[in-house]
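Encoded as structure tokens, the structure appears first; notes follow it.
Just so it is clear, none of the values below were taken in a lab; they were calculated from the coordinates. Source: prediction; values computed, not measured. We place every Cβ from the backbone using ideal geometry, glycine too, and count neighbours over all the protein chains shown.
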Amino acid sequence: MTLEALRGGDPRQVGPYTLVGRLGEGGMGVVYLGQGADGTPVAVKIIHARMDTDPGFRRRFAREVAAARRVARFCTAPVLDADVEGEPAYLVTEYVEGPNLHEVVRSSGPLTGSALDGLAASMAMALRAIHGAGVVHRDLKPSNVLLSQVGPKVIDFGIARLAGSEMSSAIVGTPSYMSPEQVSGSAVGPASDVFSWGCTVGFAAGGVPPFGSGSVPTIMLRVVNDPPDLRGLSGPLRELVVASLAKNPAERPTAQELMDRLSGSPAATDVDVDMNVVAAPASRTGTGPEIGASADGGRAGKGERGESGGGESGRGESGGGKVVVAVTAAAAAAVVVAAGVSAALVWRDQATPARPAGGATAEAGAPSSAAAGRNPLRTGANVAFYAPPEPGAGRQAERWAADRPEDAELMRKLAAVPHAIRLNQPDARAEVERTISAAGRAGGVPVFLVNSMPGSDCRPYDAGDLAAYQGWLRGIAGQIGGAAAVVVLEPSSLVNVPGSGDCDVPGSAAQRYADLRQAVRTLKTGPNTAVYLDGGQDVWPGAAIMAERLVGAGIDRADGFFVNTAGHHSTDKSVAYGKRLSACVSVRLAGGGTGCPADVPADPDRMPHFVVDTARNGQGSWAPTRHYPDPQTWCNAPGRGVGARPTTDTGEDLVDAYLWIARAGSSSGRCRRGTGGEEDPERGVVSPEAGEWWGELALERAKLADPPLR
């Protein structure tokens, strides 16, 4: 890169340092090439004046400087000086001459052989030094690894924090190299840097980030849910990178373990690495979006050194030629990391195939080679379901325990009934992992409600949203693996179809069908995963319409459909509707055509099975006694109770199970029933927003349960 000239407003002198040019600019400050009194080149980061508007900034800055000074010098750009009190505040580090890893890979191609092994070892050594000083880097990535004449150097501690201190949960870093815990906004520790190490090694070997590029939401979903793309990696180093990219931080090796395995000596504590690097010049190339508020109160923006700048250390031009890294370590090969295996979930008489822990392999989500799959709801015995206690009811029981003990007891009983576990958050994979593990220990089958398809709520979306959604599903499928599970796929997705009269958003029915068929294929890679499609409910929109849509969405590839998730219809009524819909689907599959002709017999072999949501139908449908312009009989229907408990003992050949899919105590939303104002005229209150817990509604349904809660 070419050093930029100083601009009109730039200082020429800071403390004892003479500034000679600009190296870059980022969220925290501007980085200059400077000279000490003896002429030694240094990188000087001057903190933005706006940072001083935060009263606590100087204190945090001083703490970070103190932390950075504790980091050993090898493989890093050490802090040489700092002034945390003066005007302006500044930080001085060693100036490292050489391009960054991102520039070199983009201009000269991926690293191979000893060059790649040496880079991996050098970065691991740097992390060991950083973590040994009690620091977490938080933004390790290719542009923060400089390939100097004396070997790779890890730079830029501008958003590092003291390990164990009070850490911000804000998302900080570059999405393509962030850990799942950073994506979810959780506190991060040294294991997060190890994940970033694996991403950076993967980029160096393959020339692309392991979790791809694209929009920030798309990348973040891949980081949380998808297996990495590790092209260019093989053998022991690949296995070590796979281990470092485990979604669960507890399953990743430490920096010391990376060093031990890279050295080939389990007992090694130090590795003698001699790096000789000849680096090619590289033009400026971006590294993808960076996001989030930094822990120091600024913005991560384009990184604190800027994508074209030199960070804390700078970059200079060097001679041409390919990058060569010579390593004289005990060995450049990594030790094979054995993949952990979770306990198999046992069904009465047969164990399901073992599932790799964490699912962090390139093959995660691929079709299983296990024996032919089976639907866990059709084992011939009454299946035990698993779910953690329903959180809303559990919290309500605690609130009422002292003053309303009888009501609290009803809430405890409500919380104990297995419910569908809703998946609509970016980090759904972690939820699936916890649930599958717990279900295995309990010997039960979990039911997952997947409710996140773009456009299923008739709101605008684009193709990128759908691509991210399908990637998210692959992560869920990979995490379920060979375990027994049931997936209720996207309520309302076939009721609210783009282009229909009730769903005026861009798109078409054909596209919705294609998206659902792909979703079914993805989820059915689990040999023991049952998937059910949206079958609507009695009356609306009608069996003939739903049969056409189910056929279009590939009902023949799914395990069946579900009914009554948005209604309160009695079980008998829902079963009767399900049978009509199943017969109509059979007729459509056999002969095509339209409608549900009564004179065409249904083919029993083509009649899909179904499940019924009984979470809110204990008292059946609600019929208002007063006139409303729009009765909204589905919306927080009064006088309703919970219905039959989840079971596969339905007494109906076509009904695989009664399930609690909707939450008994969740509000349907603001129910105005066609009138003005915010109040529900039937209840005389303003209802909570859709999906919010409503304790009094839950209590009403618990008291009116049929059969009673026990």
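Simple spin-label model, 7 Å along Cα-to-Cβ: Asp403 to Ala463 in nm?
5.7
Shape of segment 590-710 from its Cα gyration tensor (a ≥ b ≥ c, root eigenvalues): rounded if a/c is under 1.5, otherwise prolate when a/b > b/c, or oblate? Show your work: numbers first, answer last.
Details: a/c = 2.78, a/b = 1.56, b/c = 1.78.
Oblate, since a/c reaches 1.5 and b/c is not below a/b.
How many nm separate the modelled label positions at Glu4 and Ala438, each set 7 Å beyond the Cα in the direction of the Cβ?
Modelled inter-label distance: 5.1 nm.
From the square roots a ≥ b ≥ c of the eigenvalues of the alpha-carbon gyration tensor of segment 504-587, which class results: rounded (a/c under 1.5), prolate (a/b over b/c), or oblate? Before the final figure, lay out the partial values.
Working: a/c = 1.80, a/b = 1.29, b/c = 1.40.
Note, shape of segment 504-587 comes out oblate.
Over every pair of different alpha-carbon atoms in segment 63-152, take the mean of 1/r and invert it; report that Kirkwood radius in Å.
Numbers: mean 1/r = 0.0699 Å⁻¹.
Every distinct Cα pair counted, the radius reaches 14.3 Å.
Over 32 Å between C-alpha atoms is what I'm after, so list which of Lys579/Lys703; Lys45/Lys247; Lys247/Lys524; Lys247/Lys413; Lys141/Lys524; Lys153/Lys247 land there.
Values: Lys579/Lys703 30 Å; Lys45/Lys247 34 Å; Lys247/Lys524 22 Å; Lys247/Lys413 34 Å; Lys141/Lys524 35 Å; Lys153/Lys247 27 Å.
Exceeds cut-off: Lys45/Lys247; Lys247/Lys413; Lys141/Lys524.
Among the chymotrypsin sites (Phe, Trp or Tyr not before Pro) in segment 655-701, which ones are in a DSSP loop with at most 15 other Cβ atoms within 10 Å of the Cβ? Mind listing them? Numbers along the way, then the final one.
Details: sites: Tyr658, Trp660, Trp693, Trp694; in loops: Trp660, Trp694.
Of the chymotrypsin sites (Phe, Trp or Tyr not before Pro), not one in the loops of segment 655-701 has a Cβ with at most 15 other Cβ atoms within 10 Å.
Cα centroid distance between segment 595-647 and segment 129-158, in Å?
60
Just round it to a whole percent: the fraction of Cα-Cα distances in segment 527-671 exceeding 23 Å. Show your work: numbers first, answer last.
Working: 3822 of 10440 pairs.
Above the 23 Å cut-off, segment 527-671 has 37 percent of its Cα pairs.
Determine, from the Cβ-Cβ distance of Arg58 and Ala37 and an R0 of 35 Å, the FRET efficiency 1/(1 + (r/R0)^6), rounded to the nearest 0.05. If you can, show how the numbers build up before the last one.
On the way: r = 26 Å, r/R0 = 0.73.
That pair, Arg58 with Ala37, gives E of 0.85.
How would segment 438-541 be classified by its alpha-carbon gyration tensor: rounded, prolate or oblate, with rounded meaning a/c under 1.5 and the a/b versus b/c comparison settling the rest? Could the numbers behind the result be given before it?
On the way: a/c = 2.67, a/b = 1.70, b/c = 1.57.
Prolate, since a/c reaches 1.5 and a/b exceeds b/c.
Segment 4-46: which trypsin sites (Lys or Arg not before Pro) are DSSP loop and have at most 11 other beta-carbon atoms within 10 angstrom? Mind showing how you got there, number by number?
Details: sites: Arg7, Arg12, Arg22, Lys45; in loops: Arg7, Arg12.
Counting only loop positions with at most 11 other Cβ atoms within 10 Å, the trypsin sites (Lys or Arg not before Pro) in segment 4-46 are Arg7, Arg12.
Could you check the simple spin-label distance between Val685 and Arg710, using points 7 Å along Cα→Cβ, in nm with one decimal?
If labels sit at Val685 and Arg710, their model points lie 3.0 nm apart.
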